[in-house]
Amino acid sequence: MFNDIGPLELVTLVVLAVLIFGPDKLPKVIQDVTRTIRKIREFSESAKQDIRSELGPEFKDFEFEDLNPKTFIRKQLDNDELGLKEIRNGFDLKKEMAEVTDAVHSRDTDTPSPSPSSPSGSAGGRVDMTKKPEGDERPPFDTDAT
């Protein structure tokens, strides 16, 4: 409940509580606060039980934590009935990226890639951006595009 309160903040809260309520009234205030928190928790639990009983037996596995979208999605993705693990394991990212690279460079995936020593191929599927194109002609200038 108080996971994000550090020790210095806790000491500051205690000092403020002593200054505001005084040392003689502080124990009674703490008792009242804890009693109120306990009653709120009991009310919340009874409301949950009432909702579960009203929903009926078809919702016996209903958990209120599932109403949180992150928890709901995580629970659904971990479900083995969907077969998502097989799909995820069958996906080879390196192979897909190689196919995309070949498609971008307009190479056929069935033909072997050219050797790095050949002038028409680039080493490792990379394009050398420092090389000038073979035909040193510029593309036509389009005034409407600028």
* Asked: Which whole-Hz ³J(HN,Hα) couplings does region 8-14 yield from phi under the Karplus relation 6.51 cos²θ - 1.76 cosθ + 1.60, θ = phi - 60°, glycine and proline marked x?
  -> 5, 5, 5, 4, 4, 5, 5
* **Within region 46-79, GluC sites (Glu not before Pro) in DSSP loop having at most 13 other beta-carbon neighbours inside 10 Å** => 63
* **Net charge of neighbours whose Cβ lies under 11 Å from the Cβ of residue 64, counting Lys and Arg as +1 and Asp and Glu as -1** => -2
* Inter-label distance for residue 91 and residue 37, nm, one decimal - labels placed 7 Å from Cα along Cα-to-Cβ -> 4.4 nm
* Residue-span extension gain [residue 26 to residue 8] - 0.36 nm each, minus C-alpha spacing -> 4.5 nm
* To do: Measure off, as a whole percent, the carbon and sulfur share of the 1.4 Å-probe accessible area of region 1-65, all protein chains present.
  => 65 percent
* To do: Between residue 49 and residue 15, take the C-beta separation as r, use R0 = 25 Å, and let me know the FRET efficiency to the nearest 0.05.
  => 0.05
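The values are calculated or read from the model by the stated rules, or taken from the named source; none is laboratory data. Computed from a predicted model, the values in this text were never measured in an experiment. Reconstructed Cβ throughout: ideal geometry from the backbone, glycine too, with neighbour counts over all protein chains shown. Areas reflect the complete protein model, heavy atoms only, side chains present, ligands, DNA and RNA absent. Shrake-Rupley method; radii C 1.70, N 1.55, O 1.52, S 1.80 Å.
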